[in-house]
Amino acid sequence: MHAATPLQLSLDLTNKAELWATQLANEDKEKIDVNSKYGQNIFSTKQTSNDAVTQSVQSWYNAIRFYDFHSAKGSLKSAYFTQLVWAGSKEVGIGKAKSASGKTYIVALFDPPGNKGNYLHNVLPVTGKIYNTFNFDRFNVAQTRILILLDRLFAAVSHQLGFVLTFVDRKSIGSCIVGTWSFKPCIA
């Protein structure tokens, strides 16, 4: 979707993302690392469910509503969406940590970073390509309804995660395709 190639999962970026997520959890505060040379998406939740990763990607993608494809200009409100689909980004690392107060922090780092340069060529409209199966790992992801327009990030984490995500049904709502997903542990 969005004509961007799948991101490659980077062990180095994953380690850095996990360190930053741990620091955020220790401080119990959501903030961008101003010294990082990578693109950053950050999410936190106090919900006790185990689907924080899915919630983070949904939240980042939902910022699409703040992006105007016609003007092709980024904004602070659309930055997480534009980084998520930025065609120039090739690698991603994902970290997760829980604070003493029970808040879960998710950090995604992207290289090269997005939101710098030509939005017209890096943030493209949906192309209609759909992936029906994804693999997940160490996160216990609960069954939920999500937008499948998140294929790029899911494809990147498929090597690290130990769950199989299967699309059960599908329907269009406006320009979005939604459906029910079934999550099952991978059997080695």
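The values are calculated or read from the model by the stated rules, or taken from the named source; none is laboratory data. Not measured: the values here are computed from a predicted model. For neighbour counting, all protein chains shown are included, and Cβ atoms are generated from backbone atoms with ideal geometry for every residue, glycine included. For accessibility, only protein heavy atoms count, side chains too; no ligands or nucleic acids. Shrake-Rupley method; radii C 1.70, N 1.55, O 1.52, S 1.80 Å.
Couple of notes before you dig in:
To keep it simple, each residue is scored yes or no on (1) closer than 26 Å to N118 by Cα; (2) touching a His at 6+ places or on another chain (Cβ under 9 Å); (3) among the hydrophobic types (A, V, I, L, M, F, W, C).
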site: H2; (1), (2), (3): yes, no, no
site: E18; (1), (2), (3): no, no, no
site: T22; (1), (2), (3): no, no, no
site: E27; (1), (2), (3): no, no, no
site: K31; (1), (2), (3): yes, no, no
site: K73; (1), (2), (3): yes, no, no
site: A79; (1), (2), (3): yes, no, yes
site: Q83; (1), (2), (3): yes, no, no
site: G93; (1), (2), (3): yes, no, no
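- Filter result for I94 (at pLDDT 95 or above and under 12 Å from the mean Cα position of the chain (by Cα)): no
- Residue check for D68: under 17 Å from P125 (Cβ atoms), open to solvent by 60 Å² or more (accessible area, probe 1.4 Å) and acidic (D, E): yes
- Just one of (1) loosely packed, with under 15 Cβ neighbours inside 10 Å; (2) touching a helix residue (DSSP H, G or I) at 6+ places or on another chain (Cβ under 8 Å); (3) not in a helix (DSSP H, G or I) fails for N62. It is (3).
- When region 6-49 is filtered for residues that are β-branched (V, I, T) and surrounded by fewer than 20 Cβ atoms within 10 Å (Cβ to Cβ), the ones remaining, listed by number, are T22, I32, V34, T45, T48.
- Scanning region 71-94 for residues that are open to solvent by 10 Å² or more (accessible area, probe 1.4 Å) and touching an Asp or Glu at 6+ places or on another chain (Cβ under 9 Å) yields S75, K90, E91, I94.
- Flag for Y105 being on the phi < 0 side of the Ramachandran plot, among the aromatic types (F, W, Y) and open to solvent by 20 Å² or more (accessible area, probe 1.4 Å): no
- Test: residue in region 12-29 that is at pLDDT below 95 and assigned to a loop (DSSP other than H, G, I, E, B): no
- L11 being within 17 Å of V123 (Cβ to Cβ) and out of contact with any Ser or Thr (no Cβ under 9 Å at 6 or more places or on another chain): no
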